[in-house]
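Enquirer: Got a structure here, written out as structure tokens. Questions coming.
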Amino acid sequence: MDSAARPARLRTTGEAPMHDTITWPDLRGWHRPLLVVAAVTAPFVLVSLAGVLLDGRVLVGAPIWAKPFKFAVSIVIYALTWSWLIAYLPRHRLVRWAAAIIAAALLIEYVVIVGQVVRGRQSHFNVATPLDAVLWGVMGTSIAVLWLANLVVAVFLVRVRIGGRPLTWAVRAGTVISLFGIGMAFMMTRPTTAQSGSMRGGDFGGLIGAHSVGVVDGGPIMPVTGWSTTGGDLRITHFIGIHALQALPLVAVLLAHLARRLPVLGDEVVRTRLVLVASAGYAALTLLTLWQALRGLPLLSPDGVTLWTAAAIAGLTLAGTVTVIGAGRARRAAR
């Protein structure tokens, strides 16, 4: 089926005057390998949660099953999102192969994570033994391949229309920010200053790379997220960036629902501009968390400069929102 015929597979879930049409593809059009990955990984949400509750082992300062739990939740959400989005794309061979690679890379990464937990070993950055090094090499390669496959699909995705303009621009912005978030993984794989020194000094500890900045991984952490409370943590930007692909489309969907109660949001132009304002604010927040982490500052202990920058981002986002709504009301009154 070519791209011209593709929209015929979409069904309308709701429409109102001056509202963009929110469309959802038929489930048969969703990418099946990614659906399989979501289905296979979903039970491990409960398995890992049980492990957190029943297995008392601790690894790198956190319950040993915490990482499989967080990754299972993230992979299920991520795989379902991409499976949905790919249903809007033409049945191009490059798209199908790239999507299949995304599915395979997600599955490989999760298998390594769970396998290392069963062995009681650290999955990320661990090259202490030949087997650990091979498994980390496989995982690192899968991350690089995942990013490239995401880039290929993103090139196609930013060229199509999904529903109305608000949802289309939300998906486009979310895709770009998500690519940036995935790319944060490469920053974590670089050896820290201490690790480089230990390799030169002959007392190498078996780790290359780290999540934390300014402190050693495994120190005091936040509950649930596991992010450092004493130093910077690159996983914050990684998390926020990746899930822009869900957060920003949800903004568009929420605005579409609110449009039925708030007349000013009935104008598609207003909702599109609000989505763009939200996207700019989200991108700025993502960069702010990276800047904070690189300076070795914990998320919950920002310095004054970080707080002022956050306030400026919030203020500009609010000002943009008020301006867009005000202009929308003026246009509505002029009609």
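Enquirer: Are there trypsin sites (Lys or Arg not before Pro) in region 135-203 that DSSP puts in a loop and that have at most 16 other Cβ atoms within 10 Å, and which ones? Don't skip to the end; give the middle numbers.
Expert: Numbers: sites: R159, R161, R172, R200; in loops: R159, R161.
The qualifying sites are R159, R161.
Enquirer: Moving on to the next point. Size of region 267-318 along its principal axes in angstrom, Cα-based, largest extent first?
Expert: The Cα atoms of region 267-318 stretch 44, 16, 13 Å along the principal axes, largest first.
Enquirer: Please tell me the relative contact order of region 219-335 in percent, rounded to the nearest whole number, where contacts are Cα pairs under 8 Å and at least six residues apart. Can you show the working numbers first?
Expert: On the way: 107 pairs, mean separation 37.7, N = 117.
Once normalised by length, the contact order is 32 percent.
Enquirer: Explain nothing, just the number: relative contact order of the chain, from Cα pairs under 8 Å at least 6 residues apart, as a whole percent. If you can, show how the numbers build up before the last one.
Expert: On the way: 486 pairs, mean separation 54.8, N = 335.
Over the chain, the number comes to 16 percent.
Enquirer: Do you know the relative contact order of region 134-270, to the nearest whole percent, from alpha carbon pairs under 8 angstrom that are 6+ apart? Mind dumping the intermediate values first?
Expert: Details: 137 pairs, mean separation 36.6, N = 137.
Relative contact order for region 134-270 comes out at 27 percent.
Enquirer: Round to the nearest 10 and give me the degree value, 0 to 90, for the angle of helix 32-41's Cα axis relative to the longest principal axis of the chain.
Expert: So the inclination is approximately 50 degrees.
Enquirer: May I pose another question? Taking amide H positions as placed in the peptide plane 1.01 Å from N, state which residues far from G232 in sequence (5 or more) or on other chains have amide H under 5 Å from it.
Expert: Amide H to amide H, under 5 Å and 5 or more residues apart or across chains, G232 pairs with V213, V215, G296, L297.
Enquirer: Taking amide H atoms as placed 1.01 Å from N in the peptide plane, list the residues 5 or more away in sequence, or in a different chain, whose amide H sits under 5 Å from that of T192.
Expert: G209
Enquirer: Which whole-number value in Å² is the accessible area per residue of the chain, probe 1.4 Å? Before the final figure, lay out each step's value.
Expert: Numbers: 16230 Å² over 335 residues.
Ligands and nucleic acids excluded, the result is 48 Å² per residue.
Enquirer: May I pose another question? Size of the dipole of region 41-185 about the Cα centre, Lys and Arg at +1 and Asp and Glu at -1 on the beta carbon, nothing else charged, in debye to 20?
Expert: Values: 12 positive and 3 negative charges, 109 e Å.
Approximately 520 debye in magnitude.
Enquirer: What ranking of M139, M199, M187 comes out by heavy-atom accessible area, probe 1.4 Å, highest first?
Expert: Working: M139 0, M199 80, M187 55 Å².
So, going from the largest accessible area down, we get M199, M187, M139.
Enquirer: Can you work out the Karplus-derived ³J(HN,Hα) for every residue in region 63-68? Use 6.51 cos²θ - 1.76 cosθ + 1.60 with θ = phi - 60°, whole Hz, and x for glycine or proline.
Expert: x, 4, 8, 5, 5, x
Enquirer: Dipole of the chain (Lys/Arg Cβ +1, Asp/Glu Cβ -1, origin at the Cα centre): which of V322, V47, A103 lies farthest to the positive side?
Expert: V322
Enquirer: Karplus couplings for region 238-247 from phi (6.51 cos²θ - 1.76 cosθ + 1.60, θ = phi - 60°), rounded to Hz, Gly and Pro as x?
Expert: Going residue by residue, I get 4, 5, 4, x, 4, 8, 4, 5, 9, 5 Hz, with x marking Gly and Pro.
Enquirer: Could you work out Rg/(2.2 N^0.38 Å) for region 177-335, with Rg from alpha carbons only? Intermediate results must be reported in sequence, preceding the final value.
Expert: Working: Rg = 20.5 Å, N = 159, 2.2 N^0.38 = 15.1 Å.
So region 177-335 has a normalised radius of gyration of 1.36.
Enquirer: Helix 304-334: angle to the longest alpha-carbon principal axis of the chain, degrees 0 to 90, nearest 10?
Expert: In the chain, helix 304-334 runs at an angle near 20 degrees to the longest axis.
Enquirer: Whenever you get a sec, compute what percent of the accessible area on the chain sits on carbon and sulfur atoms (1.4 Å probe).
Expert: Numbers: 11430 of 16230 Å².
Ligands and nucleic acids excluded, carbon and sulfur reach 70 percent.
Enquirer: If the viscosity is 1.002 mPa s and the temperature 20 °C, what translational diffusion coefficient in µm²/s does Stokes-Einstein give for the chain when Rh comes from Kirkwood over Cα pairs?
Expert: Values: Rh = 21.7 Å.
Result for D is 99 µm²/s.
Enquirer: If amide hydrogens are placed 1.01 Å from N in the peptide plane, which non-local residues have theirs closer than 5 Å to the one on I221?
Expert: When sequence neighbours closer than 5 places are left aside, the close amide H contacts are T229.
Enquirer: Additional query: From the C-alpha gyration tensor of region 51-121, pull out the three semi-axes of the equivalent ellipsoid (sqrt of 5λ each), sorted largest to smallest, in whole Å.
Expert: On the way: eigenvalues 208, 30, 8 Å².
In descending order, the three semi-axes are 32, 12, 6 Å.
Enquirer: Assigning unit charges at the beta carbon (Lys, Arg +1; Asp, Glu -1) and nothing else, what dipole magnitude in debye, to the nearest 20, does region 234-335 show about its Cα centre?
Expert: Details: 10 positive and 3 negative charges, 91 e Å.
Dipole magnitude for region 234-335 comes out near 440 debye.
Enquirer: Ordered by residue, what ³J(HN,Hα) values in Hz, to whole numbers, does region 201-214 give under the Karplus form 6.51 cos²θ - 1.76 cosθ + 1.60, where θ = phi - 60° and Gly and Pro are x?
Expert: Ordered by residue, 3J(HN,Hα) equals x, x, 10, 4, x, x, 10, 10, x, 6, 7, 8, 10, x Hz.
The values are calculated or read from the model by the stated rules, or taken from the named source; none is laboratory data. Fair warning: this is a prediction, and the values are worked out from it, not measured in the lab. Glycine gets a Cβ as well: all are built from the backbone with ideal geometry, and neighbour counts include every protein chain shown. The accessibility values were calculated without ligands, DNA or RNA, using every heavy atom of the protein model including side chains. Shrake-Rupley method; radii C 1.70, N 1.55, O 1.52, S 1.80 Å.
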